[in-house]
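A.B. asks: Got a structure for you, written out below as structure tokens; questions coming shortly.
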Amino acid sequence: MLTVRTALKTDLPAIMKVLEAARQIMISSGNPNQWAKGYPTGEMVLGDIGPGYGKVLEENGEVAGYFACIPSPDPTYAVIEGGAWLEDETPYYVIHRIASYPDVHGVFKTMMAYMEGVTDNIRMDTHKDNHIMQHNLAKYGFTYCGIIHIASGAERLAYQRLQK
């Protein structure tokens, strides 16, 4: 059974192994560009961990997955093209850097159960080639809202889920 806890700096080596495994999953599923050029870096993960935004998913006491749960505002979500956010007045959380080993199951479900205790307003984005993530977003009630641009200028498909 997967559990979620706040990541510690000492988890960094295990998290980086999970991120590399997830990068390989993306490449093998036809999405080689989303996490290209060493993204996400250890420095980024430490940036998540410092304020308590980094979360690890553990299975049998071992790090099996990772995600960042970051409170708004996210500057890359300030402008959305070809659509609109479902709601743009209340605070939201953004989930970034979801990763796990290929043989770990229930990651998205466990993450979403955790997030239900945090917020009822979640935004996420993904690469157009990340069909695995798009499937999970649809399965868990996210609505496609339009296109955002990340810091590099690259386009991402933007989604929002409101629970009321």
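The values are calculated or read from the model by the stated rules, or taken from the named source; none is laboratory data. All of these numbers come straight from a predicted model, not from anything done at the bench. Don't worry about glycine lacking a Cβ; one is built from the backbone with ideal geometry, like all the others, and counts go over all protein chains shown. In case anyone asks, the SASA skips ligands and DNA or RNA and just uses the protein heavy atoms, side chains included. Shrake-Rupley method; radii C 1.70, N 1.55, O 1.52, S 1.80 Å.
A.B. asks: Rounded to the nearest whole Å², what accessible area per residue is found for the chain with the 1.4 Å probe?
C.D. replies: 51 Å²
A.B. asks: Within 13 Å, Cβ to Cβ, of ASN31, how many net charges do the neighbouring residues add up to if Lys/Arg are +1 and Asp/Glu are -1?
C.D. replies: Residues near ASN31 contribute +2 overall.
A.B. asks: State the antiparallel share, in %, of DSSP beta bridges confined to the chain, rounding to the nearest 5.
C.D. replies: For the chain, the DSSP antiparallel bridge percentage is about 95.
A.B. asks: Using a simple charge model, +1 on the beta-carbon of Lys and Arg, -1 on the beta-carbon of Asp and Glu, nothing else, what dipole does segment 32-164 show about its Cα centre, in debye to the nearest 20?
C.D. replies: 200 debye
A.B. asks: Per the Debye formula with a single identical scatterer at each Cα and no solvent contribution, what log10 I(q)/I(0) holds for segment 55-164 at q = 0.10, 0.11, 0.18 Å⁻¹?
C.D. replies: Once normalised to I(0) and log-transformed, intensities are -0.28, -0.34, -0.91.
A.B. asks: Give me the percent relative contact order of segment 3-130, please, defined on Cα pairs under 8 angstrom at least 6 residues apart.
C.D. replies: Computed over segment 3-130, the figure is 32 percent.
A.B. asks: Still on this structure, please answer the following. In degrees, nearest 10, range 0 to 90: what is the angle between the Cα axis of helix 107-116 and the longest Cα principal axis of the chain?
C.D. replies: That works out to roughly 60 degrees.
A.B. asks: How many percent of the accessible area of segment 1-153 is carbon or sulfur, using a 1.4 Å probe?
C.D. replies: In segment 1-153, the share of accessible area belonging to carbon and sulfur is 56 percent.
A.B. asks: Please name which of ALA14, HIS127, ALA68 has its Cα lying farthest along the dipole of the chain towards the positive end, using unit charges on Cβ (Lys, Arg +1; Asp, Glu -1) and the Cα centre as origin.
C.D. replies: ALA14
A.B. asks: Among all the lysines, which ones have a C-alpha under 21 Å from LYS9's C-alpha, if same-chain residues fewer than 8 places away are not counted?
C.D. replies: LYS9 reaches LYS17, LYS55.
A.B. asks: Could I ask something else about it? What is the local net charge at TYR66, summed over the other residues whose Cβ is closer than 13 Å to its Cβ (Lys, Arg +1; Asp, Glu -1)?
C.D. replies: Summing Lys and Arg as +1 and Asp and Glu as -1 gives -1.
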